Amino acid sequence: MKIFIDSADTHEIREAARMGAIDGVTTNPSLVAKTGRKYVDVVKEICELVDGPISAEVLGTSYDDIVREGREWAKMHKNIVVKVPLIVEGLKAVRTLTDEGIKTNVTLCFSPTQAMLAAKAGATYISPFVGRLDDASEDGMLLIEQIVTIYRNYHYKTEVLVASVRHPIHVVQSATLGADVCTIPFKVIEQLAKHPLTDIGLAKFLEDAKKIPR
Ligand code: E4P
């Protein structure tokens, strides 16, 4: 399973890249707003830090605006994937952008039928939001299971990109279910590396090492 970092914070992205952990980056308007920087400037810097798919979201909601913004993002760098909301105008725009060879990530997916339509439109990635479904007392990982099964049944090429990840169990379940990608906040990437028994074991080894004659 590929791991993307879900962040617009270039310090976090640099750290995760140094760990060798990440294959790509996803951003969204909320993440970029937290940085206080222009969206374009953030994405340009990310493209210098990571050589992999980098999702940059359109802000328009009409077919014309989404296609125009998508073309502009795609022109900026070869690794940019245009993030498009899962609305009817968005699906139409995905069909056009796909036909032009522009990669897309269809975001804000909350149902299997939405995921089917995104695949039919030719999306490169579908982003189901598991954490937000869990927050609404629904089962986010059940949606991943359904989409992975449907895509496999019909050999859809669209990759399942698990988004709105909140904790390491989401990551383990994504990998177990055969999701293609999991986009993970930096805090959760750090959690993936940690285990209390590792810390206890290391402390004991270092303590015992002092008893080794030099
Ligand atoms: C990434 O593509 C999504 O925009 C992001 O994972 C949403 O996460 P959130 O539900 O924590 O805002």
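Candidates are the residues of the range 82-105 that are of a type in the set (A, V, I, L, M) and out of contact with any Phe, Trp or Tyr (no Cβ under 7 Å at 6 or more places or on another chain); the one that is farthest from the ligand (Cβ to nearest atom) is V88.
Among the residues of the range 91-116, those identified as surrounded by fewer than 20 Cβ atoms within 10 Å (Cβ to Cβ) and farther than 21 Å from G52 by Cβ are K92, R95, T96, D99, E100, L108, F110, S111, P112, T113, Q114, M116. For A163, state whether it is touching a Lys or Arg at 6+ places or on another chain (Cβ under 8 Å) and closer than 26 Å to T61 by Cα. Answer is no for this residue. Restricting I54, I66 to those that are touching a Gly at 6+ places or on another chain (Cβ under 7 Å), over 27 Å from S174 (Cβ atoms) and either open to solvent by less than 20 Å² (accessible area, probe 1.4 Å) or within 14 Å of the ligand (Cβ to nearest atom) (or both) reduces the list to I66. Candidates in the range 117-175 are the residues that are polar (S, T, N, Q) and over 26 Å from G70 (Cβ atoms); of these, the one that is most open to solvent (accessible area, probe 1.4 Å) is S137.
Is it the case that V88 is open to solvent by less than 40 Å² (accessible area, probe 1.4 Å) and either within 18 Å of G24 (Cβ to Cβ) or without any contact (Cβ under 8 Å) to a residue 40 or more places away in the chain (or both)? For V88, the condition - open to solvent by less than 40 Å² (accessible area, probe 1.4 Å) and either within 18 Å of G24 (Cβ to Cβ) or without any contact (Cβ under 8 Å) to a residue 40 or more places away in the chain (or both) - is not met.
Contact annotation: no residue pair with Cβ atoms under 9 Å, 6 or more positions apart or on different chains, pairs a residue in the range 189-201 that is assigned to a helix (DSSP H, G or I) with a partner that is aliphatic (A, V, I, L, M) and surrounded by fewer than 10 Cβ atoms within 10 Å (Cβ to Cβ). Whenever a residue of the range 165-188 is within 15 Å of F129 (Cα to Cα), its partners that are surrounded by fewer than 18 Cβ atoms within 10 Å (Cβ to Cβ) and small (G, A, S), lying with C-beta atoms within less than 8 angstrom and at least six residues away or across chains, give the pairs V165/G131; R166/G131; H170/G131; C182/A175. Restricting the first member to the range 2-20 and to residues that are within 15 Å of A33 (Cα to Cα), and the second to residues that are of a type in the set (D, E) and modelled with pLDDT of 95 or more, the beta-carbon pairs closer than 6 Å and six or more apart or on different chains are T10/E45.
The values are calculated or read from the model by the stated rules, or taken from the named source; none is laboratory data. Being a predicted model, the structure only gives us computed values, none of them experimental. Every residue, glycine as well, gets a Cβ built from its backbone with ideal geometry; the counts of neighbours run over all protein chains shown. Calculation scope for accessible area: heavy atoms of the full protein, side chains included, ligands and nucleic acids excluded. Shrake-Rupley method; radii C 1.70, N 1.55, O 1.52, S 1.80 Å.
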